[in-house]
Amino acid sequence: MNKKIISGILISAVLVYLSFRGINFQDTFLHFKNIQLSYVAIFVAFTLLMQTIRSYRWGVILQPLQKIDQLSLFSVTAVGFLAIAAIPARLGELARPYLISKKSSIKMSSALGTIVVERVLDVFSVLIIAVVILMIMDLPSWMIKSSIILLLLMTTMLVCIVGLILRREKALQIINLILNKLPGKFAHNIDDLIHHFTDGFQVIINIKYLLYLFFLSAIIWLLDFAAIYTLLKAFNFALPVIASFVLLVVLVAGITIPTAPGYIGNWHFACILALTEIFPWGITKPEALSFAIVYHFLSMAIVVILGVTFLPFNKFSVSDMKKQVNKNNVNEDSKQQES
């Protein structure tokens, strides 16, 4: 974990340097004065709507395990996204499974499985957007190769998940053959974790729910695209609509690599790369940096305000999340010994 934190901070520091290198800050700050606040308000509305639908979609994924009311889903999602942005090394990803397990009978490991389903849906949605862009525009070869590799990886993951659900006993037998080579207690804990983890995948085998989830995912990412396009309009950038899709894909790729809390550096460099380097859209680096700063600030401000608002109702700490994982493992291990 410490290595991930250090590598994330170092990468962010390098990207901050590259983003600000050779910048005339007077030119950058000058662009702030020309922002149209009416478009900013629309951007905020799109982002809030996207967050609401995202929390609702998570409820659909959780439904085979337990039906959760929308207010609780939105509350936990708000705090969870604050944790993802604030806690390094992606430990914040454990916040939502931990919090929902405290509010329901759903086990934390099962809830974690639903987060994996959510991520697979998101990546597939972004890849579909990328494929559409590839069909319309002549993108750099590295983007084409990256999209193809990621699509193959996600397809493989989805096939494995479906296989794990449809042929659960057979899949677990294969996994147990591997676990038998591990120390006894450790193998038991991993085995229990996998059993509960796969419970979070149950929604995938329901075709109606799965299609509905893809529909919701499409809406979420189209709202994200609309938010980006609206903010570009706030800066009076004369860009084609496709620029918003390109920026979205590059940004998603940029913040998936190790990063410091708040995606500092990664976010800014991705925006500059998409607006100035990939295509000759006529956007200067100071203009791109001013957009990146405002885009990052607004996005993080929404995450922080929502997270802090609901934090009193969803208190947690990293140590508590770790204790919960250990507690689940100990309880399941004792149950096995009793049986």
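Every number here is computed from the coordinates shown, using simple stated rules; none is lab data. If you're wondering where the values come from, they're calculated on a predicted model, not measured in any experiment. With ideal geometry, Cβ positions are generated from the backbone for all residues, glycine too; neighbour counts draw on all protein chains shown.
For this structure, a couple of remarks:
- Potential lengthening between Lys3 and Lys103 on full extension [0.36 nm per residue; Cα-Cα distance subtracted]: 32.7 nm
- Ranking of Glu93, Glu287, Glu277 by count of other Cβ atoms within 10 Å, fewest first: Glu277, Glu93, Glu287
- Within the stretch 202-243, backbone nitrogen closer than 19 Å to the virtual label 7 Å beyond the Cα of Asp27 toward Cβ: 235-239
- By average C-beta atoms within 10 angstrom, highest first, the peptides 41-54, 67-80: 67-80, 41-54
- Counting neighbouring beta carbons within 10 Å and listing from fewest to most, the residues His268, His31 come out as His31, His268.
- Separation of the Gln36 and Asn206 label points, Cα + 7 Å toward Cβ, nm: 4.4 nm
- Counting every other Cβ atom within 10 Å of each residue's Cβ, Phe32, Phe225 order from fewest to most as Phe32, Phe225.
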